[in-house]
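S.K.: Questions regarding the structure given below will be posed in turn.
The values are calculated or read from the model by the stated rules, or taken from the named source; none is laboratory data. Given the structure is predicted, the values throughout are model-derived calculations rather than measurements. Every residue, glycine as well, gets a Cβ built from its backbone with ideal geometry; the counts of neighbours run over all protein chains shown. Heads up: the accessible areas ignore ligands, DNA and RNA and are worked out on the full protein's heavy atoms, side chains in. Shrake-Rupley method; radii C 1.70, N 1.55, O 1.52, S 1.80 Å.
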Amino acid sequence: MSLTLEFVSTLRAERSGLVDRLADTDGMTAWVRTHVPDLAGLTATEELRQETVRLRQAVRALFARAVAPGPPSRADAARLPAFEESLALVNATALAAPSAPQLRWDGEPSLGTAPATQAGPGAQLLARLATAAVEFLAGPDRALVRTCQAPRCVLYFVKEHPRQEWCSTGCGNRARAARHYREHKKI
């Protein structure tokens, strides 16, 4: 799964209800260590956590626009920031940490980029998340983004097969079981 999908999926539904993996600094630190290994030394501060959640909500607002005319995620559709504001935040954040050209040599030389060393780990994280969102939403997968319509699911996913309707097998099973129950329950 792409970093951007993992990032928007930090808000998810579980049996206990809606769960925010970035709800506190410990949760955010654990998420970064798992999903952004080269910044695994980062320990989230409350200020960085709030900035990261604000960025996530902006990216989720862009995802909500990307799935249109389909429905956005039920997790936070009513609480998302405006599209224009979200677009401006994501673009500004992507520019926040400057990058430096890097020469890569994997058999053949190629040009790459890396965060400049003067940017702190927090700025690097935010810039990486915003840049990943920009690249994802400007790329071919944007047209395949869908909202999982299974009961209780609030995730976005990339439709990889023409008949795919849910983000996972588990959600598909839950949706089919719910449909079966509705069709066969006694009135």
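S.K.: In debye, nearest 20, what is the charge dipole magnitude of the chain about its Cα centre with +1 on Lys and Arg Cβ and -1 on Asp and Glu Cβ, if you could check? Don't skip to the answer; put the middle values down first.
M.R.: Working: 24 positive and 19 negative charges, 260 e Å.
The calculated dipole for the chain is roughly 1240 debye.
S.K.: Let me ask another. Please report, in whole Å³, the volume per residue of the convex hull around the C-alpha atoms of the range 90-173. Intermediate values should be presented prior to the final figure.
M.R.: Working: hull volume 13.4 nm³, N = 84.
Hull volume normalised by residue count: 160 Å³.
S.K.: Given a 1.4 angstrom probe, I'd like the percentage of the accessible area of the range 37-178 that is carbon and sulfur, rounded to a whole number. Don't jump to the answer; show the numbers that get you there.
M.R.: On the way: 4460 of 7920 Å².
Here carbon and sulfur together make up 56 percent of the probe-accessible area.
S.K.: Enumerate the calculated ³J(HN,Hα) couplings along the range 55-66 in order (Karplus 6.51 cos²θ - 1.76 cosθ + 1.60, θ = phi - 60°), each rounded to whole Hz, writing x wherever the residue is Gly or Pro.
M.R.: Along the range 55-66, the couplings run 5, 4, 5, 5, 5, 5, 5, 5, 5, 4, 6, 5 Hz.
S.K.: On to the next question. Ignoring ligands, DNA and RNA, what accessible area per residue does the chain give at 1.4 Å, in Å²?
M.R.: Solvent-accessible surface per residue comes out at 59 Å².
S.K.: Right, here's the next one. Given the Cα-Cα distance of residue 1 and residue 79 and 0.36 nm per residue of separation, how much length would full extension add, in nm? Let's see the in-between values first.
M.R.: Numbers: separation 78, 0.36 × 78 = 28.08 nm, distance 2.53 nm.
Residue separation times 0.36 nm, minus the Cα-Cα distance, leaves 25.5 nm.
S.K.: I've got another one for you. With point charges of +1 on the Cβ of Lys and Arg and -1 on the Cβ of Asp and Glu, referenced to the Cα centre of the chain, which listed residue (157, 137, 113) lies farthest in the positive direction of the dipole?
M.R.: Towards the positive end, the residue furthest out is 157.
S.K.: Work out how much length residue 169 to residue 14 would gain on full extension: take 0.36 nm times their residue separation and subtract the Cα-Cα distance, in nm to one decimal. Walk me through the numbers on the way to the answer.
M.R.: On the way: separation 155, 0.36 × 155 = 55.80 nm, distance 1.52 nm.
Extra length from residue 169 to residue 14 when fully extended: 54.3 nm.
S.K.: Right, next: Counting only residues 5 or more places away or on other chains, whose amide H sits under 5 Å from the amide H of residue 99 once H atoms are built in the peptide plane?
M.R.: Amide H neighbours of residue 99, under 5 Å, 5+ apart: 116.
S.K.: May I ask for the net charge around residue 3, where only other residues with Cβ less than 11 Å from the Cβ of residue 3 are counted and Lys, Arg are +1 while Asp, Glu are -1?
M.R.: Values: positive: 128; negative: 6, 135.
Around residue 3, the charge tally is -1.
S.K.: Could you work out the longest stretch of the chain that avoids the trypsin sites (Lys or Arg not before Pro) located in DSSP loops with at most 14 other Cβ atoms within 10 Å?
M.R.: The reported range is 16-162.
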